[in-house]
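> Submitted below is the structure of interest, expressed as structure tokens.
The values are calculated or read from the model by the stated rules, or taken from the named source; none is laboratory data. Being a predicted model, the structure only gives us computed values, none of them experimental. Neighbour counts run over all protein chains shown; Cβ positions are idealised from the backbone, glycine included. For the accessible areas, the whole protein counts, side chains as well, though only heavy atoms, and no ligand, DNA or RNA atoms are used. Shrake-Rupley method; radii C 1.70, N 1.55, O 1.52, S 1.80 Å.
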Amino acid sequence: MKSQMVNFRNCLVSVLILFGCSSKNIEEEQGPTHKMEFVLVDSVMVDILEPLVIDDQQLSGESFLMRGRKSRKPYLISNNGKVIKVYEVLNEGPNGIGVNGAFGYNFLGEDKWVAKDILYRYQIYDFEGEKTKVLESINLGLFGVTISSYQTFFRGFKKEDEEMLLGIENNLFDPGFLSKGELAQSVYYDSVKTIFTYKAKDQVLKQFEAYPKTWGPRMEKKFVGKSEPLFAYHRSNHQLALLPKVGNQLFIYDFSSDEPKLLYEVALSHRFRPDVVPEISKEAEFTSSYPRFTDLKFVGERVLVEFKTRIPEDILLRLKAQSSRVEELPEFQEAQKTFVKTFYLVIEDGKQIGVVEGLPVPGALDFATESGDIFINDNLEPLFEREYNVFYRLKLVR
């Protein structure tokens, strides 16, 4: 009997140890440091000479809206890369956007698209390229221009059959507020309402806080630069993801009604991200080595957060002393190759479930879809010259 009891205890201990190890392995596998990866599925080739970027894909997945990187001309491209329509709207005629094109394009439902023109108006077209409406600019003034190769800063969609835009417009806030001194800086984040919705039918504008109340620097009244937030919108389940570029907090909202309701406040972490956010003055935003967030995408039901490490501040200050056009220095370009690396954090159900370190193909993150596709673009700086565009389609796997 005694021998049987000993054997039973040994078995019980073994089971508990095994269970504990299994629980630990599961926790590690699902934890924020779990290594995940992108895998190459296929690619989309577009037979156009001009370098293109993807601005949008229909919710149905049928076609892309692409933009000429230099010309800003819009193209309607099928999901397998066939050119459906080249929109000849870069003119000053009644049907034109203007000779300079637009900052970006987005689908507005499944049968229209919208362009944000150089005057910050939103011009709506049908698929034949006929203009149907112009929404006037929502700007308070022209306080600055933000241009991105890959980001359009607004999304077009339908909510309960109503055509709407959602985005961020920094010209909805006068940054001259900062010139009023330290007191103004301490309450700066309380005042910025640059997230907006804009209804196409009656041009009703609503503004929302760009910096959530529980974002660390806002709570601490610590100024860390303008840190315009990144946003992403999931058109199927009407979720809004909001990410200040500084800090370690991601905010995800249910935006199915008129007002966003917070679903998750996600703590983000990575070995190359400091836990404490340093104070960053307006003058030091360029030279600061703080690793800001640089992109935010919904990938299926997950959220993908991108950040880049930066050139150390002492090296950058030394290079700035050599030339005012520091980006053209060979030493600067070499420092970029050495120090600037891209990393990705993966969020699911309100938790960080892993990290991705690097891409399996050359290029940069261009676009991601609600169905889970990720498109990488190396057309702007290809390794080899070519007379067509290639978009690598990736999937995210554990």
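> Using label points projected 7 Å from each Cα along Cα→Cβ, tell me how many nm separate PHE177 and LYS395, to one decimal.
4.5 nm
> In percent, what relative contact order does the stretch 28-167 have, based on Cα pairs under 8 Å that are 6 or more apart in sequence?
Value for the stretch 28-167: 15 percent.
> Calculate the spin-label point distance for ASP349 paired with LEU380, positioning each point 7 Å from the Cα along the beta-carbon direction, and give it in nanometres.
So the label points at LEU380 and ASP349 sit 3.6 nm apart.
> Let me ask you something else. Rounded, prolate or oblate: which fits the stretch 37-397, taking a ≥ b ≥ c as square roots of the Cα gyration tensor eigenvalues, rounded meaning a/c under 1.5, else prolate when a/b beats b/c?
Rounded, since a/c falls under 1.5.
> Let me ask something else. Could you provide, to the nearest whole Å², the per residue accessible area of the stretch 37-397 with probe 1.4 Å?
Here the per-residue accessible area is 46 Å².
> Using a Förster distance of 22 angstrom, determine the FRET efficiency expected from the C-beta separation of PHE143 and LYS320, and round it to 0.05.
After rounding, the FRET efficiency stands at 0.30.
> For the modelled label position 7 Å from the Cα of ALA284 along Cα-to-Cβ, which residues of the stretch 298-326 have backbone nitrogen atoms closer than 15 Å?
Residues 312-318 fall inside that zone.
> What's the angle, to the nearest 10 degrees (0 to 90), between helix 2-30's Cα axis and the longest principal axis of the chain?
10 degrees
> Now a separate question. With every protein chain present, what accessible area does PHE293 have (1.4 Å probe, heavy atoms only), rounded to the nearest 10 Å²?
Probe radius 1.4 Å; accessible area of PHE293 about 0 Å².
> Remind me, relative contact order of the stretch 37-397 in percent, using alpha carbon pairs under 8 angstrom and six or more residues apart?
16 percent
> Tell me, how many Å apart are the Cα centres for the stretch 185-229 and for the stretch 310-339?
Using only Cα atoms, the two centres lie 32 Å from each other.
> Another one. When the Karplus curve 6.51 cos²θ - 1.76 cosθ + 1.60 is applied with θ = phi - 60°, which whole-Hz ³J(HN,Hα) does each residue of the stretch 64-76 get, with x for Gly and Pro?
Working through the residues one at a time gives 9, 9, 10, 10, x, 4, 9, 7, 6, 6, x, 10, 9 Hz.
> So, one more: Ignoring everything but the protein chains, give the 1.4 Å probe accessible area of LEU172 in square angstrom, nearest 10.
10 Å²
> Report in % the part of the accessible area of the chain that belongs to carbon and sulfur, leaving out ligands and nucleic acids; probe 1.4 Å.
Working: 10450 of 19880 Å².
The C+S portion of the solvent-accessible surface of the chain is 53 percent.
> Report the accessible area of SER257, computed with a 1.4 Å probe over the heavy atoms of all protein chains in place, in Å² rounded to the nearest 10.
Here the accessible area works out near 50 Å².
> Running a GNM on the chain with Cα contacts under 10 Å, which residue among LEU263, LEU250, LEU108 ends up with the highest mean-square fluctuation?
LEU263
> Which angle from 0 to 90°, rounded to the nearest 10, does the C-alpha axis of helix 313-322 make with the longest principal axis of the chain?
Helix 313-322 sits at roughly 30 degrees to that axis.
> Return the single residue from PHE173, PHE64, PHE384 with maximal mean-square fluctuation; model: Gaussian network over the chain, springs between Cα atoms under 10 Å.
PHE384
> So how strong a dipole does the chain carry about its Cα centre when Lys and Arg Cβ are +1 and Asp and Glu Cβ are -1, to the nearest 20 debye?
Dipole about the Cα centre, nearest 20: 980 debye.
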